[in-house]
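Peer 1: After the structure tokens below, expect a handful of questions from me.
The values are calculated or read from the model by the stated rules, or taken from the named source; none is laboratory data. Computed from a prediction, not measured in an experiment: that's the story for all the values here. Cβ: placed from backbone, ideal geometry, glycine included. Neighbour counts: every protein chain shown.
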Amino acid sequence: MEAFRADFAKKFTMAFLTGDRWKLYLKGMATTLELTACALIIGVVLGVLVAVVRSAHDQQRPGRRNPVLGVVNFVCKIYTTVIRGTPMLVQLLIWGMVIFKSTRNRFFVGMLGLGINSGAYVAEIVRGGLMSVDAGQSEAGRSLGLDYIDTMRYIVIPQAFKNILPSLGNEFIVLFKDTSLVSSIGAAEILYYAEAIGGKTYEFMFPLYGTALMYLIFCIVLTWLQGKLERRLRQSDRR
């Protein structure tokens, strides 16, 4: 038992305390959170645009089809099909080793890859939410003199948001965890530093366990915040 405790203390010290290595984990987590936030913004903006285009195309009346909208919808459909049908790791490797192979800013490449991947999933989530709103709501907006954009902005999207919030929250948590994949293209987030520390100490158990624990804690916090927001929205509906 004494030998186990001594070995445990030695490995723990090498992984977290020697040379203030715990600061690297915090630095990596800060980069991870920044990467998540930037990718989330890209994903939400791109996803909402794609969802609105596809919803507008699907809601066109027979005989009054817009050919330009049809072409844009076709491009959006290809985008969501390709992104959702291929692994994120493969996409990141293509972005980092093919398209931007000469770029040293690995953070930008990872942010772009994660954001574009998330946008495809957000698009389907938002599109499902938009289609779940009764068509009479859009017709009511048109009868009030609102154009399509204002109808979506003031009537449809606010109602759809409450329906898609759980799915969007889950997508945000998945995106947060998927940031660990950007270490494959050399982006210095928390897993990158954990692997670097393991490579120096020749002991990967504590760095990886520590990284997993930090991810778990943040996911628990994010899940709690999501639940709290959902309860607040339900309370506002009752009022």
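Peer 1: Looking at Val98 and the list (1) more than 22 Å from Thr36 (Cβ to Cβ); (2) hydrophobic (A, V, I, L, M, F, W, C); (3) within 21 Å of the chain's Cα centre (by Cα); (4) at pLDDT 90 or above, which single condition is not satisfied?
Peer 2: Here Val98 meets the rest and fails (3).
Peer 1: Here's something else I'd like to know. Return yes when Lys177 is part of a helix (DSSP H, G or I) and either in contact with a Ser or Thr (Cβ under 7 Å, 6 or more places away or on another chain) or at pLDDT 80 or above (or both) and no when it is not. Walk me through it before giving the result.
Peer 2: Working: part of a helix (DSSP H, G or I): yes; either in contact with a Ser or Thr (Cβ under 7 Å, 6 or more places away or on another chain) or at pLDDT 80 or above (or both): yes.
In short, yes.
Peer 1: Which of the helices (runs of 4 or more DSSP H) contained wholly in segment 1-92 include at least 3 residues that are small (Gly, Ala, Ser) and buried (at least 16 other Cβ atoms within 10 Å of the Cβ)?
Peer 2: Those helices (runs of 4 or more DSSP H) span 22-58.
Peer 1: Do we have any residue at all in segment 204-225 that's at pLDDT 90 or above, farther than 20 Å from Ile42 by Cβ and not in a helix (DSSP H, G or I)?
Peer 2: Within segment 204-225 (the criterion being at pLDDT 90 or above, farther than 20 Å from Ile42 by Cβ and not in a helix (DSSP H, G or I)), the answer is yes, since at least one residue qualifies.
Peer 1: Ok, one more. Going through Thr81, Thr32 one at a time, which residue ends up being without any contact (Cβ under 8 Å) to a residue 12 or more places away in the chain and within 23 Å of Gly169 (Cα to Cα)?
Peer 2: Thr81
Peer 1: Identify, from the list Gly119, Gly110, Gly115, Gly128, the residue that is part of a helix (DSSP H, G or I), out of contact with any helix residue (DSSP H, G or I) (no Cβ under 6 Å at 6 or more places or on another chain), among the small types (Gly, Ala, Ser) and within 20 Å of Ile173 (Cα to Cα).
Peer 2: Gly128 is the lone residue from the list that is part of a helix (DSSP H, G or I), out of contact with any helix residue (DSSP H, G or I) (no Cβ under 6 Å at 6 or more places or on another chain), among the small types (Gly, Ala, Ser) and within 20 Å of Ile173 (Cα to Cα).
Peer 1: Sticking with this structure for a sec: Looking at (1) modelled with pLDDT under 90; (2) under 30 Å from Phe100 (Cβ atoms), find the lone condition where Val182 falls short.
Peer 2: (1)
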